[in-house]
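*Asks:* Got a structure for you, questions after.
The values are calculated or read from the model by the stated rules, or taken from the named source; none is laboratory data. Fair warning: this is a prediction, and the values are worked out from it, not measured in the lab. So basically every Cβ, Gly included, is an ideal-geometry build from the backbone, and we count neighbours across all protein chains shown. These area figures cover heavy atoms from the full protein model, side chains too; ligands, DNA and RNA do not enter into them. Shrake-Rupley method; radii C 1.70, N 1.55, O 1.52, S 1.80 Å.
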Amino acid sequence: MATIAARVLPVPVRLGGGRHIVERNFLLYRRSWVVFLSGFFEPVFYLLSIGIGVAHLVGDFTLSDGTRIAYAAFVAPAMLASSAMNGAIFDSTYNIFFRMKYAKLYDSMLATPLRPWDVATGEVTWALLRGAIYSAMFVVVMLLMGLVKSWWALLALPASVLIGFAFAGAGMALTTFMRSWQDFEFVQLAIMPMFLFSATFYPVETYPGVIRWLVEITPLYQGVVLERAFTTGNVGWFLLVHAGYLAAMGAFGMYVASRRLGKLLLK
């Protein structure tokens, strides 16, 4: 019993165990690079269709500091944040559920010296690496389209990694409670409204009081604020609150995921 408890609890954290999970996923996708890169195109298509096509009908936007920017420049950082969210959620929910419930991959891993904390950190790290590649490519597209207005945009990539960390940790934790594929409908039920209403396509000031407050406490809104601030240069100390929110969300999710994996697989 003491041995099982020692493997479930992530403290003290043993560094390096998760790298084997990352290496395994890299070798898996090395021969499926088309599938790997396909996740990059969805936000680009959104940007081209909404940010460019609809932009001719909407006109310019005025930020809270009085700066006027094109609608495409307003939407692009929100697409970057949404891309980080979607990529992290996909990797940390559907993929992990299949590996845990059907492939029984984690049962095999935990028969080795790896611990549940190693599995959690490895899977989340892989999701972050994959999301970082997508985000870097998307930032390049924004640069080529002239949608970056400040050198602060250099921090847009680390911000997208932080967004991915938050949603990957939370997604993996929630997946350990899933019983069947039908439960993933609740994931979409949460993700889609956040994508549509987290100040993605119009300012949060559009909403009335109570609804605006609800929007402002959603995880994606924190990411949208970070990305939009960095790409437009409208930065301030208030961004630390949004970054802290996402960091706490990811860390708590990883802790819950490691505990749940231990209880489910080390019986």
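*Asks:* Is at least one residue of segment 207-224 open to solvent by less than 30 Å² (accessible area, probe 1.4 Å), modelled with pLDDT under 90 and in a helix (DSSP H, G or I)?
*Replies:* no
*Asks:* Which of the residues spanning segment 193-204 are in a helix (DSSP H, G or I), in contact (Cβ under 8 Å) with a residue 12 or more places away in the chain and either open to solvent by less than 60 Å² (accessible area, probe 1.4 Å) or within 16 Å of residue 238 (Cβ to Cβ) (or both)? First the steps, then the outcome.
*Replies:* The initial filter retains those residues of segment 193-204 that are in a helix (DSSP H, G or I), namely 193-197, 204.
The next check asks that each one be in contact (Cβ under 8 Å) with a residue 12 or more places away in the chain; those that pass are 194-195, 197, 204.
Scanning segment 193-204 gives 194, 195, 204.
*Asks:* May I pose another question? Starting from segment 231-256, take each residue that is without any contact (Cβ under 8 Å) to a residue 12 or more places away in the chain and list its partners that are hydrophobic (A, V, I, L, M, F, W, C) and assigned to a helix (DSSP H, G or I), counting only C-beta distances under 8 angstrom and pairs at least six apart or across chains.
*Replies:* 236/229
*Asks:* Inside segment 159-187, can you point out the residues that are of a type in the set (Phe, Trp, Tyr), open to solvent by less than 20 Å² (accessible area, probe 1.4 Å) and modelled with pLDDT of 90 or more?
*Replies:* Let us first name the residues in segment 159-187 that are of a type in the set (Phe, Trp, Tyr), namely 165, 167, 177, 181, 184, 186.
With open to solvent by less than 20 Å² (accessible area, probe 1.4 Å) added as a condition, the list becomes 167, 184.
167 - this is the single residue of segment 159-187 that is of a type in the set (Phe, Trp, Tyr), open to solvent by less than 20 Å² (accessible area, probe 1.4 Å) and modelled with pLDDT of 90 or more.
*Asks:* Moving on to the next point. Looking at this structure, is residue 82 crowded, with 19+ Cβ neighbours inside 10 Å, touching a helix residue (DSSP H, G or I) at 6+ places or on another chain (Cβ under 9 Å), polar (S, T, N, Q) and at pLDDT 85 or above?
*Replies:* On the way: crowded, with 19+ Cβ neighbours inside 10 Å: yes; touching a helix residue (DSSP H, G or I) at 6+ places or on another chain (Cβ under 9 Å): yes; polar (S, T, N, Q): yes; at pLDDT 85 or above: yes.
Answer is yes for this residue.
*Asks:* Still on this structure, I have one more. Identify, from the list 190, 156, the residue that is under 24 Å from residue 68 (Cα atoms), part of a helix (DSSP H, G or I) and open to solvent by less than 60 Å² (accessible area, probe 1.4 Å). Spell out how you get there, then give the answer.
*Replies:* Numbers: 190 fails: under 24 Å from residue 68 (Cα atoms).
Just one listed residue meets the conditions, 156.
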